[in-house]
Amino acid sequence: MLSSFGNIAIFAGVAVGIPAGTLGLALLLGRLLRVRRPHPAKDDTYESGMSTRGPAWVQFNVQYYLYALIFVLFDVEVLFVVPWALAYRDLDKGYGFAEIALFIAILLAGLGYAWRRGALEWE
Amino acid sequence: MIADLAHFSIGPDYWWVVLIKGVIVLGFLATAAAYLTLAERKVSAHIQLRIGPNRVGPFGLLQPAADAVKLLFKENTAPAGRDKLLFWLAPALMAGAAILAYAVIPLSGTTNVNGYALHWNMAHVNVALLYVLAITALGVYAIFLGGWAANNKYSLLGALRSSAQLISYEMAVAFALIGVVILAHSLDLEEIVNAQQHAWFIVMQPLAGLLYFVGALAETNRLPFDLPEAETELIAGYHTEYSSMRFGFYFLGEYVNMVTVCSLATALFLGGWLPLIPWIHSDWLGGLVGVMWFLGKASILLFLMMWIRWTLPRLRYDRLMNLGWKVLLPLGLLNIVITGSVVAARAAS
């Protein structure tokens with residue numbers, strides 16, 4: 001007898017073990033059968049035939065960080081709403097609804113603030 | 001909540017039963033992914049007035065096998081400047097996360113086989129919905145790390161776009177699903193399906209269903225949201241540098257993800273295994289019929305995804321982010337308020 005997450009652990013074992021085994025066998029077979037003609041040009045970064053300039057690991061648009069920041073905030077808020085949704089049937093409806101309406105109003109105010117400050121504008 | 005968390009599992013689960021179920025589900029997912037590639041090519045061909053693959057076996061039915069052999073025997077090239085560990089790990093993570101999410105999806109209702117409660121999923125978890133959302137979210141890491149590890153500018157751009165897109169739509173999806181949780185009063189997928197005995201949730205939650213489906217298209221990087229790949233501008237996006245079986249794993253992950261989101265949509269909105277034509281049979285045969293209903297409904301959704309892919313053009317990136325943040329997210333919040341007030345009004349009357 002196992003707990004449910006024990007079941008998931010077994011499945012994880014299957015899901016990793018069988019593909020890994022198959023892949024190992026396939027790679028072994030592949031190594032024996034696969035064409036292998038190494039050439040320095042084959043190890044180049046692919047840029048449609050142009051030779052690359054500089055590394056790809058460079059600074060990128062700050063907008064991505066803004067989305068990530070807002071995401072972290074809102075994703076945590078979802079987790080606060082889930083227990084409420086589960087308990088809603090047993091709550092006093094007026095009280096329960098007023099509570100979540102207030103919560104969502106605050107969320108919307110936050111979204112509105114980010115929107116107005118231009119955090120959601122892509123440039 | 002605490003009391004609920006105390007009894008996770010109903011009835012004994014023997015480890016060998018779980019093992020057998022795991023092997024079957026893994027085989028099913030791999031086969032489904034392989035044949036979805038064929039279905040995709042057939043559907044696209046017919047939409048474009050072509051025939052599609054028809055040389056390998058009858059109706060091209062052996063094409064997936066031929067593709068797999070081809071992928072294995074292709075030379076495995078990799079860019080010299082890559083991050084070696086992540087370049088190896090990311091495709092495996094993609095396929096692994098996609099497959100693991102399927103562990104809790106119930107293909108049919110619990111059936112009584114000689115006194116043994118047979119669950120039609122790997123694990124009967126009472127927070128199944130959160131589990132699926134959490135595991136599918138791991139796919140973001142696979143795409144971002146994979147694109148970054150390749151040390152290719154196009155890959156990096158694809159990976160950045162992808163992670164921003166995935167997290168944005170993931171949140172809209174999560175808010176949309178709250179309405180379902182309110183009505184079903186549970187996060188357990190089996191109980192959510194059982195709560196739809198009288199009416200499917202697509203009838204009671206049409207807005208949430210629509211939001212979920214749009215979000216699912218974005219989460220699986222399907223057109224019109226396939227910005228991470230956008231082959232006309234980014235070559236192949238995050239998996240430009242992946243070849244041979246590494247590419248195969250990304251491909252497998254993408255198609256298994258499609259199966260997962262369509263199965264989840266079936267369980268949440270289309271009544272899961274509940275039949276349209278009543279069929280009362282309590283033993284394993286009844287369970288198997290339920291599986292057929294479930295897969296039938298999921299197949300319709302899969303076809304819908306392919307139809308959309310080959311009909312609609314790609315969105316521009318700023319439009320995509322605007323749709324996620326300025327339309328889907330407020331609509332998701334609105335759906336919570338509407339559902340909450342309707343439930344409150346019905347309780348009062």
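Scanning the stretch B:279-317 for residues that are basic (Lys, Arg), part of a loop (DSSP other than H, G, I, E, B) and in contact (Cβ under 8 Å) with a residue 24 or more places away in the chain gives a single hit, B:314.
Would you check if residue A:15 is out of contact with any Phe, Trp or Tyr (no Cβ under 6 Å at 6 or more places or on another chain), open to solvent by less than 40 Å² (accessible area, probe 1.4 Å), at the interface with another protein chain (Cβ under 7 Å from one of its Cβ atoms) and at pLDDT below 75? Answer is yes for this residue.
Quick one: which of A:41, A:68 is closer than 29 Å to residue B:153 by Cα, at pLDDT below 80 and either in a helix (DSSP H, G or I) or facing another protein chain (nearest Cβ under 7 Å) (or both)?
Of A:41, A:68, the one residue that is closer than 29 Å to residue B:153 by Cα, at pLDDT below 80 and either in a helix (DSSP H, G or I) or facing another protein chain (nearest Cβ under 7 Å) (or both) is A:41.
What number goes with the only condition from (1) surrounded by 14 or more Cβ atoms within 10 Å (Cβ to Cβ); (2) without any contact (Cβ under 8 Å) to a residue 40 or more places away in the chain that residue B:276 does not pass? (1) is the only condition that residue B:276 fails. Filtering B:246, B:222 for residues that are touching a residue at least 24 places away in the same chain (Cβ under 8 Å), surrounded by fewer than 24 Cβ atoms within 10 Å (Cβ to Cβ) and assigned to a loop (DSSP other than H, G, I, E, B) leaves a single hit, B:222. Say whether the condition of being facing chain A (nearest Cβ under 8 Å), surrounded by fewer than 19 Cβ atoms within 10 Å (Cβ to Cβ) and more than 23 Å from residue A:17 (Cα to Cα) is met by at least one residue in the stretch B:130-140. Yes: one or more hits.
Here is a list: B:208, B:149. Which entry is small (Gly, Ala, Ser), within 11 Å of chain A (Cβ to nearest Cβ) and open to solvent by less than 40 Å² (accessible area, probe 1.4 Å)?
Every option except B:149 fails the conditions.
Candidates in the stretch B:104-122 are the residues that are touching a residue at least 40 places away in the same chain (Cβ under 8 Å) and out of contact with any Leu (no Cβ under 8 Å at 6 or more places or on another chain); of these, the one that is surrounded by the most Cβ atoms within 10 Å (Cβ to Cβ) is B:122.
Scanning the stretch A:48-59 for residues that are open to solvent by less than 70 Å² (accessible area, probe 1.4 Å) and of a type outside the set (Val, Ile, Thr) returns A:54, A:56.
The values are calculated or read from the model by the stated rules, or taken from the named source; none is laboratory data. Everything numeric here is computed off the predicted structure, so don't read it as measured data. Positions of Cβ are generated from backbone atoms using ideal geometry, with glycine treated the same way; all protein chains shown enter the neighbour counts. Accessible surface areas use protein heavy atoms only, side chains included; no ligands, DNA or RNA. Shrake-Rupley method; radii C 1.70, N 1.55, O 1.52, S 1.80 Å.
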